[in-house]
Amino acid sequence: MVGSPDLAAAQKVADHIGTVHHQIHFTVQEGLDAIRDVIYHLETYDVTTIRASTPMYLLARVIKSMGVKMVLSGEGADELFGGYLYFHKAPNAELFHEETVRKLGKLHLYDCLRANKSLAAWGVEGRVPFLDKEFMDVAMRINPDDKMIKNGRIEKWVVRKAFEDYLPKEIVWRQKEQFSDGVGYSWIDTLKAITKERISDEELANAKYRFPINPPMSKEEYYYRTIFKENFPSDSAAACVPSVPSVACSTPEALAWDESLRNTNDPSGRAVKNVHVESYK
Amino acid sequence: MCGIVGVFDLKVDSQKLRPQVLQMSKRLRHRGPDWSGIYCGEKAILAHERLSIVDVQSGKQPLFSKDRKLVLAVNGEIYNHQQLRKNFEGDYDFLTQSDCEVILALYRKKGIDFLEDLNGIFAFALYDEENNTYMIARDHMGIIPLYMGWDQYGNFYVSSELKALEGFCNHIKEFLPGHYMTNEKPGELIRWYDREWKDYNNVKNNSTSIEDLRNALEAAVYRQLMSDVPYGVLLSGGLDSSVVSAIAKNTLPKE
């Protein structure tokens with residue numbers, strides 16, 4: 001989206017390393033119009049996945065139109081290295097490590113699914129070097145204590161250190177934008193506003209009668225679920241999709257780390273209080 | 001990407017089921033718009049929608065062994081296929097340059113016990129016509145999607161996406177990452193990918209080498225750049241995609 005934080009950063013990287021860079025813009029309305037197709041292709045009603053898949057789905061179409069059939073992508077680094085902002089709250093190296101292992105084990109339901117199906121919708125193949133089998137062994141055998149966010153080290157410090165000579169300083173040491181945030185807050189805020197309008201309090205309160213499997217926990221999820229059910233009416237299709245409380249992509253186990261995590265249910269990185277510079281007040 | 005649909009343990013006449021499988025496979029054509037292929041045996045059907053990236057000329061699927069007894073439909077890439085092929089010089093008659101064909105060679109040589117040899121992303125279904133046996137497997141992390149299902153007659157299906165099974169199968173489940181399955185216990189997934197690093201006790205005393213980390217990621221990007229068609233890198237401006245872009249750029253010959 002024009003003016004989003006990621007766009008400027010991407011241009012800076014491209015200029016620095018000297019790649020042929022194409023900026024692709026889309027509007028909130030274009031995203032909204034694509035949601036139905038995104039749910040059909042992604043086969044999910046997970047809120048974070050749909051928010052983040054829509055830009056990727058639109059992007060894939062443009063990529064294909066330029067004659068490109070395969071793209072590399074950065075999925076998996078946040079799971080391997082504890083890059084999500086809520087990892088700031090990890091109490092010790094053992095719990096930090098266990099959360100990375102749990103997150104990796106769930107990737108097939110979230111980011112792997114998103115990357116593969118958003119791109120495959122347009123006949124583009126996604127490859128994910130961070131999840132390369134041999135690389136994963138190296139990354140996961142690092143001492144977990146060295147991945148922790150402490151003593152002035154920000155998240156994914158080891159990766160930043162390893163590649164600091166490859167990239168501009170302000171990129172290497174830039175704080176993580178969770179994809180859903182990086183495309184600009186207006187996208188997410190619009191989704192919340194629109195779904196709040198379309199789904200009544202009554203409907204949400206009685207969600208478990210309409211959707212006995214994984215009843216939607218928010219109006220946004222209810223809205224996505226309705227579209228999902230139109231495409232995939234069977235109960236067993238619904239049961240293939242995960243539905244658990246989460247803050248900024250944490251697992252339920254990690255919610256126990258901190259009081260402030262426990263009392264919200266919002267996948268945006270801004271929901272991690274006092275960590276993101278633009279966190280909710 | 002490609003798309004696959006496989007049907008095994010056929011309880012009905014395969015020729016009668018064939019049009020339905022074509023219809024199911026068509027629902028995956030967005031994944032593989034370049035070509036379609038189908039094998040229809042008495043006890044199994046394998047359909048494939050192809051996106052050609054490696055060996056555009058001769059890599060169409062399903063792949064066969066030279067005696068046509070082994071049939072293979074794959075969605076995926078085997079990054080270390082060239083290295084693996086070297087072990088078969090003179091031992092196996094490769095018919096294509098496809099990176100996936102090495103799966104057939106490995107199966108011939110080792111039976112089902114070869115998944116850990118592969119470095120790649122994949123979901124595949126392999127049918128052994130001679131013995132009427134089959135094997136289905138998915139990559140270590142689930143980078144490639146796979147689902148399974150049963151229809152009202154008891155035919156067993158696997159498919160790259162849910163949408164091919166919906167309406168045809170009464171019962172659908174995800175085929176879990178890092179698992180495989182054989183005809184011996186249909187529906188029962190067996191874990192093949194497991195790692196000692198899952199246990200904190202096995203890594204808590206390790207030392208950390210930034211240099212090893214850098215080299216390992218560079219090697220991974222290099223491996224994964226295997227392609228016979230134009231490719232790109234998704235660059236969001238975040239750290240992860242920027243690192244991948246920078247390595248890819250460094251790895252490439254100047255053009």
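The values are calculated or read from the model by the stated rules, or taken from the named source; none is laboratory data. Note that the structure is a prediction, hence the values are computed from the model and not measured. Here the Cβ positions follow ideal geometry from the backbone for every residue, glycine too, while neighbour counts run over all protein chains shown.
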Yes/no for B:TYR231 being assigned by TED's automatic domain parsing to the domain that holds B:ASP55 and in contact with a strand residue (DSSP E or B) (Cβ under 8 Å, 6 or more places away or on another chain): no
What number of residues within segment A:86-109 are within 27 Å of A:ILE39 (Cα to Cα), surrounded by fewer than 23 Cβ atoms within 10 Å (Cβ to Cβ) and in contact (Cβ under 8 Å) with a residue 40 or more places away in the chain? 3
Mind telling me which of the residues B:VAL221, B:VAL229 ends up being within 7 Å of chain A (Cβ to nearest Cβ) and at pLDDT 95 or above? B:VAL221
Residue match in segment B:86-94 (condition: under 24 Å from A:GLU125 (Cβ atoms), away from chain A (no Cβ under 14 Å) and among the aromatic types (Phe, Trp, Tyr)): yes
Within segment B:122-141, does at least one residue satisfy the condition of being touching a Ser or Thr at 6+ places or on another chain (Cβ under 8 Å), closer than 16 Å to B:VAL7 by Cβ and surrounded by fewer than 24 Cβ atoms within 10 Å (Cβ to Cβ)? yes
Here are some residues: B:SER14, B:SER36, B:SER58. Which one is in the same structural domain as B:LEU118 (by TED's automatic domain parsing) and either surrounded by fewer than 16 Cβ atoms within 10 Å (Cβ to Cβ) or at positive phi (or both)? B:SER58
I'd like the full set of residues that are crowded, with 16+ Cβ neighbours inside 10 Å and in a loop (DSSP other than H, G, I, E, B), limited to segment A:203-216. A:PHE211, A:ASN214, A:PRO215, A:PRO216
Residue by residue through segment B:152-198, note down the ones that are more than 12 Å from every other protein chain (Cβ to nearest Cβ) and in a strand (DSSP E or B). B:PHE156, B:TYR157, B:VAL158, B:TYR180, B:MET181, B:THR182, B:ILE190
Given the conditions (1) more than 13 Å from chain B (Cβ to nearest Cβ); (2) within 19 Å of A:TYR222 (Cβ to Cβ), every one holds for A:THR27 apart from (2)
Candidate set from segment A:223-244 (those that are among the aliphatic types (A, V, I, L, M) and assigned to a loop (DSSP other than H, G, I, E, B)); member that is farthest from the other protein chains (Cβ to nearest Cβ): A:VAL244
With respect to B:GLU77, determine if the residue is part of a strand (DSSP E or B), touching a strand residue (DSSP E or B) at 6+ places or on another chain (Cβ under 6 Å), closer than 20 Å to B:ALA105 by Cα and charged (D, E, K, R). yes
Any chance segment B:98-109 includes a residue that's of a type in the set (A, V, I, L, M), assigned by TED's automatic domain parsing to the domain that holds B:ILE45 and free of Cβ contacts under 8 Å to residues at least 24 places away in the same chain? yes
